[in-house]
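Okay, so here's the structure we're looking at.
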Amino acid sequence: MGLPARKTDRRYTYRDYKSWPADERRELIDEVAYNMSPAPSLNHQALVVELARQIGEQIRGPCKVYVAPVDVFLPQDPSQDEDDVSTVVQPDVLVVCDRGLLS
């Protein structure tokens, strides 16, 4: 598999990300847009489900497991406006232990 296509004609933020068509799957990393592959294979999805299941069996307390698609914002500054965030990714599996980080 090759590297994901990059959209490097300019710098992007979440403001741009929200305006893209829903059928164009992308992630932003340091203001660069990366095309994500089409829907994952069945093998990939089976592995993600199994991984999420096993993680879910091990965690305790306030932690919760989520699976893609879910946008994860990685602001440079905690007070940064959501629209100005330049890194937004969609990990296959996500564990959140601080519910205050969810929106």
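Every number here is computed from the coordinates shown, using simple stated rules; none is lab data. Please read these numbers as outputs of a predicted model, since none were measured by experiment. Positions of Cβ are generated from backbone atoms using ideal geometry, with glycine treated the same way; all protein chains shown enter the neighbour counts.
Miscellaneous remarks
- Only Lys, Arg, Asp and Glu carry charge here, each on its Cβ (+1 for the first two, -1 for the last two); on that basis the chain has a dipole of about 260 debye about its Cα centre.
- Zone residues, the stretch 51-80, relative to Val95, backbone N less than 12 Å from point 7 Å out along Cα-to-Cβ: 52-66
- Against the chain, whose longest principal axis comes from its Cα atoms, helix 42-58 is set at around 60 degrees.
- Loop-resident sites, the stretch 35-100, for trypsin sites (Lys or Arg not before Pro), counting at most 14 other Cβ within 10 Å (DSSP): Arg60
- Computed over the chain, the alpha-carbon pair-distance distribution with 10 angstrom bins reads 13, 39, 33, 14, 0, each value a whole percent.
- For the stretch 1-101, applying the loop criterion from DSSP together with a ceiling of 15 other beta carbons within 10 Å to the GluC sites (Glu not before Pro) yields Glu24, Glu31.
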